[in-house]
Amino acid sequence: SPATGTCVSETPDNCCVSDSECSDGIFCNGVETCVNGDCVAGVSQCENCLNEELYFALLDDIAVLGNAVTSSEERGHFWGGIVRLAAHDFMDFDQNAPQETIGGSDGCVDFAAADNAGLERVWCDDGCPIKDLYDTSYSFMSRADFWVAAANAAIKASSPTGLQLPFRWGRIDRELCPESSSRLPAPSGCSQIQSTFIDRMGLTWTDAAALMGAHTLGGGSLQNSGHQEIWMDTNAESAVFDKRFYEEIFRRSWFPRENTNAGTDWTWGGANREVESMMLHTDICLVFDIPDGDTQDCCTDASGNCRGFETQCPFADIVRSEAFGAVETFLGGGLNSNDNGPFYDGFSVAWEKATENGAADLSEFTKCCAANIDCDDGNTCNGIETCDLSSNKCLPGDPVTCPDNGLVCDGAEVCSPATGTCVSETPGNCCASDSECNDGNPCNGIETCNSLSLCVSGTPITCEDNGQTCDGAEICSPATGTC
């Protein structure tokens, strides 16, 4: 040290003397200890449980990965790929199948199937960021839970308001699911939405229309689905989770486009476009009454640039009224509205149903503990929480039950969170004697206390006219109770 000429350590604050200096205050990631002057991380005390802190850390980690992608086009594909992985996992649910092959979010996707092409670049052992994250930090979770949580993270990070989707954990992984890919919807038309989302998954047309809104993220490619380009009109929009998908259906003059290896999809014409946008039959049919398959000969807005397709596609408001109505609702007031609320509400409901289909005994977030005090929520009315030291999980207590005291006047008996004891809702309404009911005004009658301990109003004094106009009306004097 130049100041003293004596020897000092460069970073003395990095050393520890006792375990307490190393504690980060988070029990769930283990108890940190001091070993030879260095802080050593602990071992997780909740190896098989997921708590709120870990879940939100996962959301943040996924957001960091996605936001590190500087190209909006590639970032849109990153978000969309994660959501597609979770969706292709849950879209094989079949409520009519035997339990062992019922499917749903079970961490099982046939990556070799043509319908899943491209997902092998989302989940792989060589250079796939979310798989690396899972292996290094979240392998205590099932794949199924992680895929849903990662999709939740992608949607939260890409939505303007940070949409927080519902999540419960406890899904069980399957290793083999040969029937899975055959249940995925083909892009041929609304009959596929009917068979997959309605008949097999047990959802509604409103749910299906909401889930299709996820097409706002990312896009297709020739090497994967054979359908090239994004659903949005700019790469920047393809990285944002909002209601723009529904706006685009109404805003453009969509006409059929033939592809070499994937049949027909839809596009729109225009000069100075950043990208060539596309829609699938399963998108267009939510609003327009088009047939299934590749024989399409209409334009969604015949007054626009339809490149030779002069026939106007009829609306589907009669044949698919629920889907059509849902899309109109998700527009949030119109094409120029910024209200994503109706879409976010509808998507949250549909997403929860879809990701929990087939999963039994899902759990809310678990709180880890080392002692009973770690579990105390400060409300004695819901019972005394305790710590199960064999699993380091908090267990709920028995809620306080308040029996009725038989009196109507004081309302229901409830537990007071401040004391943990039972009190009446309106104790001031009861009486024990007539004197407690007296309001001091004899003119409105003599109040009495009845058998139910309720104050009863008396009969007001009526003053008869004395026949003289000179002295005005006769009234009762509150001081004497006389006229």
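May I ask you to give the percent of accessible area on the stretch 364-476 that is carbon plus sulfur, with a probe radius of 1.4 Å?
On the way: 3990 of 7260 Å².
Answer for the stretch 364-476: carbon and sulfur cover 55 percent of the accessible area.
Compare the peptides 139-150, 410-421, 320-331 by average per-residue count of other Cβ atoms within 10 angstrom and give them in order, highest first. Show your work: numbers first, answer last.
Details: 139-150: 23.3, 410-421: 13.2, 320-331: 19.7.
Put in order of decreasing packing, that is 139-150, 320-331, 410-421.
In debye to the nearest 20, how big a dipole does the stretch 30-154 give about its Cα centre with +1 on each Lys and Arg Cβ and -1 on each Asp and Glu Cβ?
Numbers: 5 positive and 22 negative charges, 51 e Å.
Computed charge dipole of the stretch 30-154: roughly 240 debye.
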So, with a 1.4 angstrom probe, what is the percent of accessible area on the stretch 170-288 that is carbon and sulfur?
49 percent
Does the stretch 209-336 classify as rounded, prolate or oblate by the C-alpha gyration tensor (a ≥ b ≥ c root eigenvalues; a/c under 1.5 gives rounded; else a/b over b/c gives prolate, otherwise oblate)?
rounded
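How do the peptides 475-483, 309-317, 274-282 rank, highest first, by the average count of neighbouring beta carbon atoms within 10 Å per residue? Present the calculation step by step, with values, prior to reporting the outcome.
Details: 475-483: 11.8, 309-317: 15.2, 274-282: 20.4.
Going by the mean number of other Cβ atoms within 10 Å, highest first, we get 274-282, 309-317, 475-483.
Using Cα pairs under 8 angstrom and six or more residues apart, how large is the relative contact order of the stretch 111-243, in percent?
Working: 114 pairs, mean separation 30.1, N = 133.
About 23 percent, as a whole number.
Return a whole-number percent for the relative contact order of the stretch 226-333, with Cα pairs under 8 Å and 6 or more residues apart as the contact set.
On the way: 176 pairs, mean separation 29.0, N = 108.
Relative contact order for the stretch 226-333 comes out at 27 percent.
Under the rule of -39500 (n - 2.57) per DSSP H run of 4 or more residues, summed and divided by the residues of the chain, what mean residue ellipticity at 222 nm is obtained, to the nearest 500 deg cm²/dmol?
On the way: 10 runs with 106 residues, N = 483.
Rounded to the nearest 500, the figure is -6500 deg cm²/dmol.
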For the chain, longest principal axis from Cα atoms; helix 321-330 axis from its Cα atoms; angle between them, nearest 10 degrees, is 80 degrees
Can you give me the angle between helix 143-158 and the longest principal axis of the chain, using Cα atoms only, in degrees from 0 to 90, rounded to the nearest 10?
80 degrees
Could you work out how far the C-alpha centroid of the stretch 334-369 sits from that of the stretch 440-483, in angstrom?
62 Å
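Mind checking the per residue accessible area of the chain for me, 1.4 Å probe, whole number of Å²?
On the way: 24040 Å² over 483 residues.
Here the residues of the chain average 50 Å² of exposed surface.
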Dipole of the chain, positive end: most advanced residue of Gly37, Trp351, Gly213 [Cβ charges, Cα centre]
Gly213
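At a threshold of 8 angstrom on Cα-Cα distance, excluding pairs fewer than six apart, so keeping six or more, what relative contact order does the chain reach in percent? Present the calculation step by step, with values, prior to reporting the outcome.
Numbers: 900 pairs, mean separation 58.2, N = 483.
Here the relative contact order equals 12 percent.
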What's the ranking of 427-438, 228-239 by average number of surrounding C-beta atoms within 10 Å, highest first?
228-239, 427-438
To the nearest 20 debye, what charge dipole does the stretch 86-156 have about its Cα centre, counting +1 at the Cβ of each Lys and Arg and -1 at the Cβ of each Asp and Glu?
320 debye
Sequence-distant lysines (8 or more away, or on other chains) whose Cα lies within less than 17 Å of Lys393:
Lys367
Residues of type lysines that Lys131 reaches as a straight line, Cα spacing below 23 Å, ignoring anything fewer than 8 places off in the same chain:
Lys156
To the nearest 10 degrees, the tilt of helix 52-67 (Cα long axis) against the first principal axis of the alpha carbons of the chain is 40 degrees
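The values are calculated or read from the model by the stated rules, or taken from the named source; none is laboratory data. Since this is a predicted model, take the numbers as computed values, not measurements. Using ideal geometry, Cβ is built from the backbone for each residue, glycine included, and neighbour counts are taken over all protein chains shown. To get the accessible areas, we keep the full protein, side chains included, count just its heavy atoms, and leave off ligands, DNA and RNA. Shrake-Rupley method; radii C 1.70, N 1.55, O 1.52, S 1.80 Å.
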